[in-house]
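Chemist: Below you will find the structure I want to go over with you.
The values are calculated or read from the model by the stated rules, or taken from the named source; none is laboratory data. Just so it is clear, the structure is predicted and the values come from calculations on it, not from any experiment. A quick note on method: Cβ atoms are made from the backbone with ideal geometry, for glycine too, and the neighbour counts reach across all protein chains shown. Note: accessible area is taken over every heavy atom of the protein model, side chains too, but ligands, DNA and RNA are not part of it. Shrake-Rupley method; radii C 1.70, N 1.55, O 1.52, S 1.80 Å.
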Amino acid sequence: MELAALVENIPFETLLLYLSALIIPLLFSVYNLTTSSGPKYIKKEWDRYPILERRVVSEGERPVIFLTVGARTRDLPTGSHVKLRIPNPSDPSRPIIKSYTPTRFDGSSCELMIRIYPSGAMTPSLYKLKVGDTLEMMGPTGLHRYLGSGTFTHGKKTYDNIKRIGMLAGGTGVTPMIQVINKIIEVEGDDTEVCLCCFNTTTEETLLEDELKEAMSKSGGKVEVKFFASKTGKGTTEKLSMRSMSGPGIIKLLGIKEGEEDSSIVLMCGPDGFVKHVRKELKEDGSMKNIMIW
(Lines give C-alpha, C1' and ligand atoms only; values in the text may rest on other atoms or scores of the structure.)
Protein backbone atom coordinates (compact mmCIF):
# COMPACT_ATOMS: atom_id res chain seq x y z
CA MET A 1 0.00 0.00 0.00
CA GLU A 2 1.37 3.44 -0.92
CA LEU A 3 2.19 5.91 1.88
CA ALA A 4 -0.43 8.42 0.70
CA ALA A 5 -3.15 5.81 0.80
CA LEU A 6 -2.02 4.60 4.23
CA VAL A 7 -2.13 8.15 5.66
CA GLU A 8 -5.53 8.69 4.03
CA ASN A 9 -6.99 5.74 5.96
CA ILE A 10 -5.73 7.00 9.37
CA PRO A 11 -8.32 9.03 11.32
CA PHE A 12 -7.37 12.73 11.61
CA GLU A 13 -7.30 12.68 15.44
CA THR A 14 -4.90 9.70 15.43
CA LEU A 15 -2.65 11.34 12.84
CA LEU A 16 -2.54 14.55 14.88
CA LEU A 17 -1.57 12.56 17.97
CA TYR A 18 1.27 10.81 16.12
CA LEU A 19 2.62 14.12 14.75
CA SER A 20 2.48 15.76 18.17
CA ALA A 21 4.45 12.86 19.64
CA LEU A 22 7.17 13.47 17.05
CA ILE A 23 7.27 17.26 16.91
CA ILE A 24 7.03 18.23 20.58
CA PRO A 25 10.18 16.32 21.68
CA LEU A 26 12.01 17.80 18.70
CA LEU A 27 11.05 21.33 19.75
CA PHE A 28 12.24 20.68 23.29
CA SER A 29 15.58 19.39 21.94
CA VAL A 30 16.08 22.56 19.88
CA TYR A 31 15.15 24.71 22.88
CA ASN A 32 17.64 22.93 25.13
CA LEU A 33 20.42 23.28 22.56
CA THR A 34 19.89 27.02 22.24
CA THR A 35 19.35 27.86 25.91
CA SER A 36 21.27 25.48 28.13
CA SER A 37 24.58 24.88 26.33
CA GLY A 38 27.12 27.34 27.69
CA PRO A 39 26.93 30.97 28.85
CA LYS A 40 24.47 33.52 27.55
CA TYR A 41 25.47 35.82 24.73
CA ILE A 42 26.26 39.38 25.74
CA LYS A 43 23.67 41.76 24.31
CA LYS A 44 22.74 45.43 24.27
CA GLU A 45 20.30 44.95 27.14
CA TRP A 46 21.14 44.58 30.80
CA ASP A 47 21.49 41.01 32.03
CA ARG A 48 23.33 39.20 34.80
CA TYR A 49 26.41 37.06 34.10
CA PRO A 50 28.42 34.86 36.49
CA ILE A 51 31.95 35.55 37.73
CA LEU A 52 34.05 32.56 36.64
CA GLU A 53 37.43 33.68 37.95
CA ARG A 54 38.83 36.44 40.16
CA ARG A 55 42.53 37.30 40.34
CA VAL A 56 44.31 40.01 42.32
CA VAL A 57 47.39 41.01 40.32
CA SER A 58 48.47 44.10 42.25
CA GLU A 59 48.08 44.94 45.94
CA GLY A 60 48.52 48.27 47.73
CA GLU A 61 46.28 51.30 48.11
CA ARG A 62 44.86 50.86 44.59
CA PRO A 63 44.87 47.12 43.91
CA VAL A 64 44.18 45.73 40.43
CA ILE A 65 41.96 42.73 39.86
CA PHE A 66 40.94 40.62 36.87
CA LEU A 67 37.34 39.43 36.67
CA THR A 68 36.50 36.73 34.13
CA VAL A 69 32.79 36.91 33.35
CA GLY A 70 30.87 34.01 31.82
CA ALA A 71 29.43 35.64 28.71
CA ARG A 72 29.61 34.62 25.07
CA THR A 73 31.23 37.46 23.15
CA ARG A 74 31.02 36.42 19.51
CA ASP A 75 31.66 39.33 17.12
CA LEU A 76 32.65 41.76 19.88
CA PRO A 77 34.36 44.47 17.78
CA THR A 78 38.00 45.36 18.47
CA GLY A 79 38.08 48.54 20.54
CA SER A 80 34.56 48.25 21.93
CA HIS A 81 33.52 48.44 25.57
CA VAL A 82 31.08 46.71 27.87
CA LYS A 83 29.05 48.53 30.51
CA LEU A 84 28.70 47.41 34.12
CA ARG A 85 25.87 48.43 36.43
CA ILE A 86 25.54 48.25 40.22
CA PRO A 87 22.90 49.61 42.63
CA ASN A 88 23.37 53.12 43.99
CA PRO A 89 22.95 53.03 47.80
CA SER A 90 22.27 56.76 48.01
CA ASP A 91 19.72 56.85 45.16
CA PRO A 92 18.18 53.51 44.08
CA SER A 93 16.54 55.21 41.07
CA ARG A 94 19.95 56.10 39.59
CA PRO A 95 22.22 53.03 39.37
CA ILE A 96 25.97 53.46 38.93
CA ILE A 97 27.15 52.66 35.39
CA LYS A 98 30.70 52.52 34.06
CA SER A 99 32.33 51.35 30.81
CA TYR A 100 35.26 48.93 30.68
CA THR A 101 37.30 47.65 27.77
CA PRO A 102 37.85 43.86 27.97
CA THR A 103 41.48 42.76 27.96
CA ARG A 104 40.46 39.42 26.46
CA PHE A 105 37.32 37.82 25.10
CA ASP A 106 36.54 34.54 23.43
CA GLY A 107 33.58 32.28 22.73
CA SER A 108 32.63 31.79 26.36
CA SER A 109 34.13 34.51 28.56
CA CYS A 110 35.07 38.16 28.86
CA GLU A 111 38.03 39.32 30.98
CA LEU A 112 38.02 42.74 32.65
CA MET A 113 40.95 44.48 34.34
CA ILE A 114 39.84 46.83 37.11
CA ARG A 115 41.86 49.18 39.32
CA ILE A 116 40.20 49.60 42.69
CA TYR A 117 39.88 53.15 44.02
CA PRO A 118 39.01 53.17 47.76
CA SER A 119 36.73 56.20 47.36
CA GLY A 120 35.37 55.18 43.96
CA ALA A 121 31.65 54.88 43.29
CA MET A 122 31.83 51.42 41.68
CA THR A 123 35.19 49.70 42.08
CA PRO A 124 34.99 48.91 45.85
CA SER A 125 31.81 46.91 45.12
CA LEU A 126 33.52 45.09 42.23
CA TYR A 127 36.43 44.22 44.53
CA LYS A 128 34.02 42.37 46.87
CA LEU A 129 32.69 40.09 44.12
CA LYS A 130 33.50 36.39 44.47
CA VAL A 131 33.49 33.49 42.02
CA GLY A 132 29.86 32.46 41.56
CA ASP A 133 28.47 35.96 42.12
CA THR A 134 26.73 37.64 39.20
CA LEU A 135 27.34 41.01 37.59
CA GLU A 136 25.05 43.19 35.49
CA MET A 137 26.59 43.84 32.08
CA MET A 138 25.65 44.87 28.54
CA GLY A 139 27.50 45.46 25.28
CA PRO A 140 29.19 46.04 23.00
CA THR A 141 29.16 49.82 23.41
CA GLY A 142 31.38 52.71 22.32
CA LEU A 143 32.21 54.26 18.98
CA HIS A 144 35.84 53.19 18.61
CA ARG A 145 36.60 50.34 16.23
CA TYR A 146 39.77 48.91 14.71
CA LEU A 147 38.78 47.15 11.49
CA GLY A 148 42.26 45.88 10.69
CA SER A 149 44.96 46.75 8.14
CA GLY A 150 45.38 50.29 9.46
CA THR A 151 41.71 51.33 9.42
CA PHE A 152 39.90 52.86 12.40
CA THR A 153 36.37 54.21 12.71
CA HIS A 154 34.92 56.56 15.30
CA GLY A 155 31.22 56.79 14.64
CA LYS A 156 30.91 58.06 11.05
CA LYS A 157 34.54 59.18 10.85
CA THR A 158 37.09 56.85 9.26
CA TYR A 159 40.88 56.88 9.57
CA ASP A 160 42.41 54.67 6.91
CA ASN A 161 45.78 53.99 5.30
CA ILE A 162 47.38 54.20 8.74
CA LYS A 163 50.91 52.78 8.71
CA ARG A 164 51.96 53.60 12.29
CA ILE A 165 49.98 53.69 15.54
CA GLY A 166 51.33 55.62 18.51
CA MET A 167 49.63 54.49 21.74
CA LEU A 168 49.69 56.41 25.03
CA ALA A 169 48.26 54.52 28.00
CA GLY A 170 47.95 55.78 31.54
CA GLY A 171 47.40 52.99 34.11
CA THR A 172 44.46 50.77 33.18
CA GLY A 173 44.13 52.75 29.94
CA VAL A 174 46.30 50.00 28.47
CA THR A 175 43.26 47.72 28.00
CA PRO A 176 41.96 49.03 24.62
CA MET A 177 45.54 49.12 23.36
CA ILE A 178 45.93 45.41 24.05
CA GLN A 179 42.80 44.69 21.99
CA VAL A 180 44.22 46.54 18.98
CA ILE A 181 47.67 44.97 19.34
CA ASN A 182 46.21 41.46 19.54
CA LYS A 183 44.13 42.12 16.42
CA ILE A 184 47.21 43.24 14.48
CA ILE A 185 49.20 40.19 15.59
CA GLU A 186 46.39 37.71 14.89
CA VAL A 187 45.36 38.95 11.43
CA GLU A 188 47.67 37.77 8.70
CA GLY A 189 48.73 40.58 6.38
CA ASP A 190 48.20 43.42 8.86
CA ASP A 191 51.60 45.14 8.76
CA THR A 192 50.62 48.22 10.80
CA GLU A 193 53.46 49.26 13.13
CA VAL A 194 52.74 50.04 16.78
CA CYS A 195 54.60 51.90 19.51
CA LEU A 196 52.87 51.61 22.90
CA CYS A 197 54.02 53.82 25.78
CA CYS A 198 52.67 52.77 29.18
CA PHE A 199 52.75 55.37 31.96
CA ASN A 200 52.31 54.66 35.67
CA THR A 201 53.15 56.37 38.94
CA THR A 202 55.56 53.70 40.18
CA THR A 203 57.26 50.67 38.65
CA GLU A 204 55.18 48.41 40.92
CA GLU A 205 51.97 49.73 39.33
CA THR A 206 53.00 48.64 35.82
CA LEU A 207 50.23 46.47 34.43
CA LEU A 208 50.38 43.47 32.10
CA GLU A 209 54.12 43.83 31.55
CA ASP A 210 54.66 40.12 30.84
CA GLU A 211 51.69 39.94 28.47
CA LEU A 212 52.83 43.01 26.56
CA LYS A 213 56.41 41.74 26.26
CA GLU A 214 55.06 38.45 24.93
CA ALA A 215 52.93 40.29 22.38
CA MET A 216 55.98 42.28 21.33
CA SER A 217 58.01 39.10 20.80
CA LYS A 218 55.20 37.46 18.78
CA SER A 219 54.68 40.49 16.53
CA GLY A 220 57.68 39.95 14.29
CA GLY A 221 58.98 43.46 14.98
CA LYS A 222 55.68 45.23 14.31
CA VAL A 223 55.04 46.10 17.99
CA GLU A 224 57.30 48.08 20.35
CA VAL A 225 56.37 48.60 24.00
CA LYS A 226 57.94 51.11 26.40
CA PHE A 227 57.30 51.38 30.15
CA PHE A 228 57.56 54.60 32.16
CA ALA A 229 57.01 55.56 35.81
CA SER A 230 56.83 59.13 37.11
CA LYS A 231 58.26 58.46 40.58
CA THR A 232 60.59 55.48 40.27
CA GLY A 233 62.15 53.62 37.42
CA LYS A 234 63.96 50.30 37.45
CA GLY A 235 64.50 47.31 35.23
CA THR A 236 62.95 47.98 31.83
CA THR A 237 60.90 50.90 33.21
CA GLU A 238 62.30 54.39 32.67
CA LYS A 239 61.60 57.32 34.96
CA LEU A 240 59.46 59.77 33.02
CA SER A 241 56.32 61.78 33.74
CA MET A 242 53.85 62.58 30.96
CA ARG A 243 53.22 65.97 32.57
CA SER A 244 56.80 66.98 31.76
CA MET A 245 56.41 66.31 28.04
CA SER A 246 55.63 68.71 25.20
CA GLY A 247 53.87 67.91 21.92
CA PRO A 248 57.06 67.41 19.87
CA GLY A 249 58.51 65.24 22.63
CA ILE A 250 55.41 63.03 22.70
CA ILE A 251 55.49 62.58 18.91
CA LYS A 252 59.20 61.72 19.00
CA LEU A 253 58.63 59.24 21.84
CA LEU A 254 56.05 57.44 19.68
CA GLY A 255 58.54 57.15 16.83
CA ILE A 256 56.48 59.25 14.42
CA LYS A 257 58.92 60.92 12.07
CA GLU A 258 58.48 64.21 10.26
CA GLY A 259 56.46 63.65 7.10
CA GLU A 260 54.71 60.55 8.53
CA GLU A 261 51.97 62.41 10.42
CA ASP A 262 49.21 61.82 7.84
CA SER A 263 49.84 58.06 7.79
CA SER A 264 50.07 57.85 11.59
CA ILE A 265 47.51 58.01 14.38
CA VAL A 266 47.77 58.64 18.13
CA LEU A 267 45.53 56.60 20.44
CA MET A 268 45.26 57.58 24.08
CA CYS A 269 43.46 56.26 27.13
CA GLY A 270 43.96 56.97 30.81
CA PRO A 271 42.97 59.22 33.70
CA ASP A 272 41.37 62.57 32.87
CA GLY A 273 44.48 64.58 33.78
CA PHE A 274 46.69 62.36 31.61
CA VAL A 275 44.41 62.66 28.56
CA LYS A 276 43.85 66.39 29.06
CA HIS A 277 47.60 67.09 29.09
CA VAL A 278 48.29 65.00 25.96
CA ARG A 279 45.41 66.61 24.05
CA LYS A 280 46.61 70.11 24.98
CA GLU A 281 50.21 69.45 23.95
CA LEU A 282 49.32 67.78 20.65
CA LYS A 283 46.86 70.55 19.81
CA GLU A 284 49.48 73.23 20.45
CA ASP A 285 52.00 71.32 18.32
CA GLY A 286 49.45 71.01 15.51
CA SER A 287 51.24 68.40 13.41
CA MET A 288 49.06 65.39 14.39
CA LYS A 289 45.58 65.41 12.91
CA ASN A 290 44.68 61.75 13.50
CA ILE A 291 43.90 61.36 17.21
CA MET A 292 41.49 59.00 18.97
CA ILE A 293 40.67 59.06 22.69
CA TRP A 294 39.17 56.08 24.49
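Chemist: For the range 136-217, what is the percent of antiparallel DSSP beta bridges, rounded to the nearest 5?
Modeler: Once the DSSP bridges in the range 136-217 are tallied, antiparallel ones form about 50 percent.
Chemist: So which GluC sites (Glu not before Pro) in the range 102-197 pass both tests, a DSSP loop state and at most 12 other Cβ atoms within 10 Å of the Cβ?
Modeler: Sites meeting the loop and neighbour criteria: E188.
Chemist: Between S99 and S241, what is the label-to-label distance in nm when each label sits 7 Å out along the Cα-to-Cβ direction?
Modeler: A separation of 3.0 nm, rounded to one decimal place.
Chemist: Looking at the chain only, what percent of DSSP beta bridges run antiparallel? Nearest 5 please.
Modeler: Antiparallel bridges make up about 55 percent of those DSSP assigns within the chain.
Chemist: Students often check this: by mean Cβ neighbours within 10 Å, which of 125-132, 176-183, 80-87 ranks highest, and how do the rest follow?
Modeler: 176-183, 80-87, 125-132
Chemist: Further question: Going from most exposed to least, what order do I116, I293 have by accessible area with a 1.4 Å probe?
Modeler: Order by accessible area, largest first: I293, I116.
Chemist: Among S246, T73, S109, whose Cα sits farthest toward the positive end of the charge dipole of the chain (+1 at Cβ of Lys/Arg, -1 at Cβ of Asp/Glu, about the Cα centre)?
Modeler: S246
Chemist: So which aspartates and glutamates can K283 reach, going by Cα to Cα under 19 Å and dropping same-chain residues fewer than 8 places off?
Modeler: Candidates past the 8-residue exclusion: E258, E260, E261, D262, D272.
Chemist: Taking only Cα atoms and a 10 Å spring cutoff, compute GNM fluctuations for the chain and point out the largest among D210, D47, D133.
Modeler: D210
Chemist: Using DSSP to call loops (not H, G, I, E or B), can you name the chymotrypsin sites (Phe, Trp or Tyr not before Pro) in the range 194-267 whose Cβ has at most 16 other Cβ atoms within 10 angstrom?
Modeler: none
Chemist: Could you give the accessible area per residue of the chain, probe 1.4 Å, as a whole number in Å²?
Modeler: 55
Chemist: Expressed as a rounded percentage, what relative contact order does the chain have, with Cα pairs under 8 Å and six or more residues apart?
Modeler: Taking the mean separation of contacting Cα pairs over the length of the chain, I get 14 percent.
Chemist: Check T78: other-chain or 5+ apart residues with amide H under 5 Å from its amide H, H built from backbone geometry?
Modeler: Y146
Chemist: Going highest first, how would you order 219-226, 89-96, 52-59, 262-269 by mean Cβ packing within 10 Å?
Modeler: Output ranking for 219-226, 89-96, 52-59, 262-269: 262-269, 219-226, 52-59, 89-96.
Chemist: From the cross-link list K252/K276; K226/K252; K44/K289, which pairs have alpha carbons spaced over 21 Å apart?
Modeler: K44/K289
Chemist: Under the rule a/c < 1.5 gives rounded, and otherwise a/b versus b/c splits prolate from oblate, where does the chain land using the Cα gyration tensor?
Modeler: prolate
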